[in-house]
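The values are calculated or read from the model by the stated rules, or taken from the named source; none is laboratory data. Keep in mind it's a predicted model, so treat the numbers as computed, not measured. Every residue, glycine as well, gets a Cβ built from its backbone with ideal geometry; the counts of neighbours run over all protein chains shown.
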Amino acid sequence: MTIALQYCHITVNDPDESLTFYRDALGLEVRNDVASGGFRWVTLGSVDQPGLEIVLSEPHAGRSQADGDSLQELLTKGVLTQVVFRTDDLDATFEKVRASGAEVLQEPIEQPWGPRDCAFRDPSGNMVRISQEPKA
């Protein structure tokens with residue numbers, strides 16, 4: 001028996017605005033763009049992980065009004081779960097994302113637990129960290 005992560009959801013205010021960050025700045029490819037019930041979700045992935053997709057969706061997509069309102073409140077506060085990407089060239093990735101105009105939360109630094117990483121906010125306020133494993 002095997003098990004692998006297939007989807008990871010990121011709640012965003014505007015899928016189009018978020019595409020400029022996840023597709024254009026991070027370099028992920030759009031895999032699916034689906035409209036349903038007045039909302040839409042977009043899946044993206046890396047060519048290096050063909051079986052894993054990130055789903056961008058609005059707070060009220062597929063949820064009750066109350067649940068969507070609660071999720072929107074957390075998104076507005078910037079307290080939803082962060083996402084962490086891995087790269088083989090942190091400096092180049094950092095410069096590409098910074099050049100996109102994304103809000104820089106942390107420039108690349110060596111972390112005491114091993115990796116070198118940096119952090120940004122996506123257009124909806126989600127924290128996005130990017131790390132590079134230490135060179136052996």
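For the reader, a short list of remarks on this structure follows.
- Which listed residue is at negative phi and more than 17 Å from the chain's Cα centre (by Cα), from ILE109, ILE130: ILE109
- One residue stands out among those in segment 1-12 that are in a loop (DSSP other than H, G, I, E, B) and at pLDDT 95 or above: the one that is surrounded by the most Cβ atoms within 10 Å (Cβ to Cβ), which is VAL12.
- Taken over segment 1-30, the criterion of being over 22 Å from ALA102 (Cβ atoms) and of a type outside the set (A, V, I, L, M, F, W, C) is satisfied by THR2, GLN6, TYR7.
- Subset of segment 59-87 (residues that are assigned to a loop (DSSP other than H, G, I, E, B), without any contact (Cβ under 8 Å) to a residue 60 or more places away in the chain and under 22 Å from THR20 (Cα atoms)): PRO59, HIS60, ALA61, GLY78, VAL79, THR81, GLN82, THR87
- Residue in segment 86-93 that is over 16 Å from SER131 (Cβ atoms) and within 14 Å of the chain's Cα centre (by Cα) present: no
- Taking residues in segment 14-33 that are touching a residue at least 60 places away in the same chain (Cβ under 8 Å) and within 15 Å of ASN126 (Cα to Cα), and partners anywhere that are among the polar types (S, T, N, Q) and surrounded by 15 or more Cβ atoms within 10 Å (Cβ to Cβ), the pairs with Cβ atoms closer than 7 Å and at least 6 places apart or on different chains are SER18/SER124.
- Residues within segment 63-91 that are closer than 22 Å to LEU5 by Cα and in contact with a strand residue (DSSP E or B) (Cβ under 7 Å, 6 or more places away or on another chain), tallied: 8
- Of the residues making up segment 34-47, those that are touching a helix residue (DSSP H, G or I) at 6+ places or on another chain (Cβ under 8 Å) and modelled with pLDDT of 95 or more are VAL42, LEU44.
- Residues in segment 50-66 that are closer than 12 Å to ARG31 by Cα and exposed (fewer than 13 other Cβ atoms within 10 Å of the Cβ): PRO50, GLY51.
- Selection from segment 71-84 of residues that are surrounded by 16 or more Cβ atoms within 10 Å (Cβ to Cβ) and within 16 Å of LEU28 (Cα to Cα): VAL83
- When residues of segment 96-132 are limited to those that are out of contact with any strand residue (DSSP E or B) (no Cβ under 7 Å at 6 or more places or on another chain), surrounded by 13 or more Cβ atoms within 10 Å (Cβ to Cβ) and of a type outside the set (Gly, Ala, Ser), the one nearest to SER18 (Cα to Cα): PRO123
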